[in-house]
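These notes are about the structure you will find just below.
The values are calculated or read from the model by the stated rules, or taken from the named source; none is laboratory data. Remember, predicted model here, so these are calculated numbers, not experimental data. Using ideal geometry, Cβ is built from the backbone for each residue, glycine included, and neighbour counts are taken over all protein chains shown.
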């Protein structure tokens with residue numbers, strides 16, 4: 001009966017364990033195996049937040065990313081004079097008739 005426990009169930013395991021409820025009683029209450037209860041208690045003791053080890057692929061570049069986010073221009077508002085910028089949406093409209101003439105726009 002292998003299953004993944006959601007956050008509420010994991011928190012229930014931790015709280016019932018803190019209150020001194022036996023692991024077998026916790027397992028019966030949540031309708032999971034006693035092994036699942038032991039697993040989640042062990043992972044919590046190891047510091048896992050959600051029962052799984054997290055591997056962050058960007059960890060080696062953490063300092064560079066933090067500098068880039070906090071760098072010049074981060075959170076700055078840039079004002080330009082009216083008419084200095086424009087928005088262009090590109091599309092292709094073949095065979096559009098304008099004043100009797102067929103054009104590709």
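Scan the stretch 23-42 residue by residue and report those that are outside any helix (DSSP H, G or I) and in contact with a helix residue (DSSP H, G or I) (Cβ under 8 Å, 6 or more places away or on another chain).
32, 33
For residue 92, only one of the following conditions fails: (1) more than 31 Å from the chain's Cα centre (by Cα); (2) modelled with pLDDT of 90 or more; (3) in a loop (DSSP other than H, G, I, E, B). What is its number?
(2)
Filter the stretch 13-23 for residues that are more than 15 Å from residue 43 (Cβ to Cβ) and surrounded by 11 or more Cβ atoms within 10 Å (Cβ to Cβ) and give the result.
The answer is 15, 16, 21, 22.
Surrounded by 11 or more Cβ atoms within 10 Å (Cβ to Cβ), modelled with pLDDT of 90 or more, out of contact with any helix residue (DSSP H, G or I) (no Cβ under 7 Å at 6 or more places or on another chain) and outside any helix (DSSP H, G or I) - does that describe any residue in the stretch 43-55?
No, there is no match, as no residue in the stretch 43-55 is surrounded by 11 or more Cβ atoms within 10 Å (Cβ to Cβ), modelled with pLDDT of 90 or more, out of contact with any helix residue (DSSP H, G or I) (no Cβ under 7 Å at 6 or more places or on another chain) and outside any helix (DSSP H, G or I).
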